[in-house]
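I have placed the structure first, in the form of structure tokens, so that the comments after it can refer back to it.
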Amino acid sequence: MPVRAVVFDAYGTLFDVYALASTAERFYPGAGSALAQLWRSKQIEYTQLRTMCCMYKPFWEVTQDALVFSCRKLGLALNIEAQNALMGEYARLPVFPECEQVLQQLRAMPLSLAILSNGTTPMLQSALEAAGLRSYFHHVLSADSVQKYKTAPEVYQMGPDVLGLAARDILFVSANGWDACGAGWFGYTTFWVNRQQAPAEELGVLPQGTGNSLQDVVNFLSSNL
């Protein structure tokens, strides 16, 4: 397995999208976790629907639409203060605790590192800078460049194009099972960070590696390089 680069999904993989439940709880006591869960689910659903129907909208706007729907679904009044606070979380989402140490280890191997995300470039740059991680990545790639979302092949194609490598020579890392499957269909070597201990998707493709945290990516590469 001649892996020469690692490409990370961002939201849910590096950045903890459910951490915003604490902010949601401030505005909606007792409903913070439910809002965070539904918001994320609807956000992903909207990206997939828009890609299937060729009705692209930037990820920031999709995320806001998903928030509005989720609040209505849960019967929560979304005022401007709450909307600005919750949307602002996407500019400074916390990373998972092991993230920086893992990135240090991967750069020392050495490997080229990149992000390939549905997020817009400003969203990703803002979150990376807030977390102090921008310097670890050689490339930050946004689906906005191709006006489609994962799992469209055009999105995954950006990795090989920018890195100058065959997809099989790139390890694609995602905490989203559907994303790992999409990358596997495309031809990447894949690793699924299965933090929720979810069952494998029934899509006829399995990742080459799985684990519970980003540290398991390092262990996987150390035993296969």
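The values are calculated or read from the model by the stated rules, or taken from the named source; none is laboratory data. Only a predicted model underlies this, so the values are computations on that prediction, with no experimental measurement involved. Here the Cβ is made from the backbone with ideal geometry for all residues, glycine too, and neighbour counts use every protein chain on show. Heads up: the accessible areas ignore ligands, DNA and RNA and are worked out on the full protein's heavy atoms, side chains in. Shrake-Rupley method; radii C 1.70, N 1.55, O 1.52, S 1.80 Å.
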Unmet requirement for Leu35, which otherwise passes all of (1) in contact (Cβ under 8 Å) with a residue 60 or more places away in the chain; (2) open to solvent by less than 30 Å² (accessible area, probe 1.4 Å): (1)
Please specify each residue of segment 123-143 satisfying the condition of being part of a helix (DSSP H, G or I), touching a residue at least 12 places away in the same chain (Cβ under 8 Å) and more than 14 Å from the chain's Cα centre (by Cα). Ser126, Ala130, Ala131, Tyr136
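Of all residues in segment 5-25, which are farther than 30 Å from Gln157 by Cα and either in contact (Cβ under 8 Å) with a residue 24 or more places away in the chain or part of a loop (DSSP other than H, G, I, E, B) (or both)?
Scanning segment 5-25 gives Ala19, Leu20, Thr23, Ala24.
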Quick check: anything in segment 184-199 open to solvent by less than 50 Å² (accessible area, probe 1.4 Å), under 23 Å from Met123 (Cβ atoms) and among the basic types (Lys, Arg)? no
Quick check on Val155: is it part of a helix (DSSP H, G or I) and open to solvent by less than 40 Å² (accessible area, probe 1.4 Å)? yes
Lys42 vs. criteria in a loop (DSSP other than H, G, I, E, B), under 22 Å from Thr121 (Cα atoms), open to solvent by 20 Å² or more (accessible area, probe 1.4 Å) and in contact with a helix residue (DSSP H, G or I) (Cβ under 8 Å, 6 or more places away or on another chain): no
Only one of Val173, Val193 is under 13 Å from the mean Cα position of the chain (by Cα), in contact (Cβ under 8 Å) with a residue 40 or more places away in the chain and more than 12 Å from Leu116 (Cβ to Cβ); which? Val193
Can you find, within segment 158-183, the residue that is farthest from Met52 (Cα to Cα) among those that are in contact with a Ser or Thr (Cβ under 6 Å, 6 or more places away or on another chain) and open to solvent by less than 20 Å² (accessible area, probe 1.4 Å)? Leu171
Flag for Gly209 being under 30 Å from Pro58 (Cβ atoms) and open to solvent by less than 20 Å² (accessible area, probe 1.4 Å): no
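Can you confirm whether Ser135 is farther than 22 Å from Gln215 by Cβ, out of contact with any strand residue (DSSP E or B) (no Cβ under 9 Å at 6 or more places or on another chain) and among the hydroxyl-bearing types (Ser, Thr, Tyr)? Talk me through it step by step, then tell me what you get.
Numbers: farther than 22 Å from Gln215 by Cβ: no; out of contact with any strand residue (DSSP E or B) (no Cβ under 9 Å at 6 or more places or on another chain): yes; among the hydroxyl-bearing types (Ser, Thr, Tyr): yes.
In short, no.
Could you list, in sequence order, all residues of segment 130-147 that are of a type in the set (D, E, K, R) and open to solvent by less than 60 Å² (accessible area, probe 1.4 Å)?
Asp144
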